[in-house]
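**Q** First, the structure itself, so that you have it in front of you.
The values are calculated or read from the model by the stated rules, or taken from the named source; none is laboratory data. No experiment lies behind these values; they were computed from the predicted model shown. Here the Cβ is made from the backbone with ideal geometry for all residues, glycine too, and neighbour counts use every protein chain on show. What goes into the accessible areas is simple: the full protein's heavy atoms, side chains included, and nothing from ligands, DNA or RNA. Shrake-Rupley method; radii C 1.70, N 1.55, O 1.52, S 1.80 Å.
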Amino acid sequence: MIYVSQAENPMDTSELEELLLKSRNWNSSKSLTGLLIYRYSSEGKSGHFIQMLEGDKSEVEFIYDKIRRDKRHHTVLVLGAGTIENRMFSEWAMGFKNINDETLSDLPGHARLGEETFNPAKFQQSNVEGLKLLKFFHSAS
Ligand code: FAD
């Protein structure tokens, strides 16, 4: 399952670390893997998430139901959900990347990934770009 969402308020490092610590503990215990990307846009002064969750269908659905109701973000939009042969992030209980406009412009081929890639409210074919970004981090891992 892959979704995008908007942070209720921009997240600082300690808030992201706390979120990751708890997520990784839970995900490890349930054999859930994946990648979470947090992107802060200085232009919009807002934060967005894109997350890929992999695992048994029932475990993915259970945790997604908690995630979608989490008050730390809103406008949670599922880009895709389905069955895959092999996990993309089998080594990661929850890989994480914290990126901003500058980091994004350094990524080869991703300089043009704008806010609309992550922003559910501005969503236009962004799933394609979001997936490209996930694949980029996957191949770089
Ligand atoms: P509790 O910990 O009891 O929290 C209940 C509610 O309180 C939460 O839904 C949230 O709205 C709020 N809350 C909790 N902690 C804080 C805090 N530090 N600051 C502000 N509000 C808070 N969990 C996983 O296990 N695996 C994941 O992969 C995962 N990915 C996530 C991705 C995102 C973008 C977000 C925002 C959350 C993610 N979570 C993940 C956390 C998940 O949403 C739940 O918080 C977690 O499963 C604990 O559930 P709980 O019912 O015990 O909630």
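**Q** Residues in the range 50-58: is at least one part of a helix (DSSP H, G or I) and either out of contact with any Asp or Glu (no Cβ under 6 Å at 6 or more places or on another chain) or open to solvent by less than 10 Å² (accessible area, probe 1.4 Å) (or both)?
**A** Within the range 50-58, the subset part of a helix (DSSP H, G or I) is 57-58.
Narrowing the set further to residues that are either out of contact with any Asp or Glu (no Cβ under 6 Å at 6 or more places or on another chain) or open to solvent by less than 10 Å² (accessible area, probe 1.4 Å) (or both) leaves 57-58.
Yes, the range 50-58 has at least one match.
**Q** Scanning the range 7-34 for residues that are more than 10 Å from the ligand (Cβ to nearest atom) and within 15 Å of the chain's Cα centre (by Cα), which turns out least open to solvent (accessible area, probe 1.4 Å)?
**A** The qualifying residue least open to solvent (accessible area, probe 1.4 Å) is 10.
**Q** Within the range 63-101, take every residue that is surrounded by 14 or more Cβ atoms within 10 Å (Cβ to Cβ) and assigned to a helix (DSSP H, G or I) and give me the one that is farthest from the ligand (Cβ to nearest atom).
**A** Among those that are surrounded by 14 or more Cβ atoms within 10 Å (Cβ to Cβ) and assigned to a helix (DSSP H, G or I), it is 101.
**Q** Just give me the residues in the range 35-60 being touching a residue at least 60 places away in the same chain (Cβ under 8 Å) and within 14 Å of the ligand (Cβ to nearest atom), in sequence order.
**A** Just the residues of the range 35-60 that are touching a residue at least 60 places away in the same chain (Cβ under 8 Å), to begin with: 35-41, 43-44, 46, 48-50, 52.
Passing the criteria: 35, 36, 37, 38, 39, 40, 46, 48, 49, 50, 52.
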